[in-house]
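*Asks:* What follows is a structure written as structure tokens; I'll ask about it next.
The values are calculated or read from the model by the stated rules, or taken from the named source; none is laboratory data. Computed from a predicted structure; not experimentally measured. For neighbour counting, all protein chains shown are included, and Cβ atoms are generated from backbone atoms with ideal geometry for every residue, glycine included. Side chains are part of the model used for accessible areas, which takes the heavy atoms of the whole protein and leaves out ligands, DNA and RNA. Shrake-Rupley method; radii C 1.70, N 1.55, O 1.52, S 1.80 Å.
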Amino acid sequence: DAHRLLQQFGDDKAYVFASSGGAVIAMDLIKKHADRLATVVLHEPPAPDFLSDPAGTRAAMADVCDTCATAGVWAAAQKFMNLVGIQGGPAPTEGGQPTPEQLEAMAMMQHNIEFFFGSYIRNIANYRVDVGALKACSCKVVAAVGADSTGQLAHNGGLGLARQLGVEPAVFPGDHGGFDGRPEEFAARLLDVLEEGPSV
């Protein structure tokens, strides 16, 4: 789908920013269509191949999806938050159930949430990264992490990617969602990264 989108904009090479699971998808785009890409910034990819325990991480991701199927989205979300190391979200009401506000928000995004916890995470977990393709591609590849997400699974994924590529990671303002929480600073940093010399 990403390649089809690029095809709609002619033959110019694209500058791609991809974060989290999107960064894993972008790695496949690099592998298959590097000739259409100028620079790809891979921000905090949660790929098990870049983590200290790939098999354990894959199993934990699969368990999130299995939990969604057997116990529902809310139980899967709790396991997911624990797995990725993100704290500080809205607390559920007494008894461990979501608040009415959380239920309303979940209802508005029900399809996307069910897809995310039901199968998307398993697909990300099962993807095997071709590091050789990332190193050999004709485009510039940048491994990136958030300044405030240290210790989280996806941040560790970004560090692991940088190590396997043999480069220093580009550090962006904010946490895993820094582009949302600190958009102006994040955009300025992204422009700087795009203007810098080759990373890989």
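*Asks:* If we keep just the residues of the stretch 159-172 that are free of Cβ contacts under 8 Å to residues at least 40 places away in the same chain and within 16 Å of the chain's Cα centre (by Cα), which is least open to solvent (accessible area, probe 1.4 Å)?
*Replies:* The residue in question is ALA162.
*Asks:* May I pose another question? Which residues, counting only those in the stretch 134-152, are open to solvent by 20 Å² or more (accessible area, probe 1.4 Å), in contact (Cβ under 8 Å) with a residue 12 or more places away in the chain and either in contact with a Cys (Cβ under 8 Å, 6 or more places away or on another chain) or of a type in the set (A, V, I, L, M) (or both)?
*Replies:* ALA147, the sole residue that qualifies.
*Asks:* Test each condition in (1) open to solvent by 20 Å² or more (accessible area, probe 1.4 Å); (2) within 13 Å of the chain's Cα centre (by Cα) for HIS155 and report the one that comes out false.
*Replies:* The single condition HIS155 does not satisfy is (1).
*Asks:* Looking at the stretch 29-38 only, could you name the residues that are touching a residue at least 40 places away in the same chain (Cβ under 8 Å) and either in a helix (DSSP H, G or I) or among the small types (Gly, Ala, Ser) (or both)?
*Replies:* Residues satisfying the conditions are ILE30, LYS31, ALA34, ASP35, ALA38.
*Asks:* Quick test of your reading of the structure: ARG4 fulfils all but one of (1) touching a helix residue (DSSP H, G or I) at 6+ places or on another chain (Cβ under 9 Å); (2) in a helix (DSSP H, G or I); (3) open to solvent by 30 Å² or more (accessible area, probe 1.4 Å). Name the failing condition by number.
*Replies:* Among (1) touching a helix residue (DSSP H, G or I) at 6+ places or on another chain (Cβ under 9 Å); (2) in a helix (DSSP H, G or I); (3) open to solvent by 30 Å² or more (accessible area, probe 1.4 Å), ARG4 violates only (1).
*Asks:* Could you grab me the full set of residues in the stretch 128-160 that are closer than 23 Å to LYS13 by Cα and either in contact with a Leu (Cβ under 8 Å, 6 or more places away or on another chain) or assigned to a loop (DSSP other than H, G, I, E, B) (or both)?
*Replies:* VAL129, ASP130, VAL131, LEU134, LYS135, CYS137, SER138, CYS139, VAL141, VAL142, ALA143, ALA144 - these are the residues of the stretch 128-160 that are closer than 23 Å to LYS13 by Cα and either in contact with a Leu (Cβ under 8 Å, 6 or more places away or on another chain) or assigned to a loop (DSSP other than H, G, I, E, B) (or both).
*Asks:* Anything in the stretch 7-28 that is over 15 Å from HIS43 (Cα atoms) and assigned to a helix (DSSP H, G or I)? List them, or say none.
*Replies:* Answer for the stretch 7-28, where residues must be over 15 Å from HIS43 (Cα atoms) and assigned to a helix (DSSP H, G or I): just GLN7.
*Asks:* Could we say that GLY21 is small (Gly, Ala, Ser), out of contact with any strand residue (DSSP E or B) (no Cβ under 9 Å at 6 or more places or on another chain) and modelled with pLDDT under 95 here?
*Replies:* When the stated conditions are applied, GLY21 does not pass them.
Conditions (1) in contact with a Cys (Cβ under 9 Å, 6 or more places away or on another chain); (2) surrounded by fewer than 23 Cβ atoms within 10 Å (Cβ to Cβ); (3) over 16 Å from HIS176 (Cβ atoms), marked per residue:
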site	(1), (2), (3)
ALA18	no, yes, no
GLY22	no, yes, no
ASP28	no, yes, yes
HIS33	no, yes, yes
ARG36	yes, yes, yes
GLU44	no, no, no
ALA47	no, no, no
PHE50	no, no, no
ALA55	no, yes, yes
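*Asks:* Here is a list of conditions, (1) over 15 Å from the mean Cα position of the chain (by Cα); (2) of a type outside the set (A, V, I, L, M); (3) at pLDDT below 95, and ARG189 meets all of them except one; can you say which number that is?
*Replies:* It fails just one condition, (3).
*Asks:* Report, by residue number, each residue of the stretch 64-91 that is at pLDDT below 75 and open to solvent by 50 Å² or more (accessible area, probe 1.4 Å).
*Replies:* Residues satisfying the conditions are GLN87, GLY88, PRO90, ALA91.
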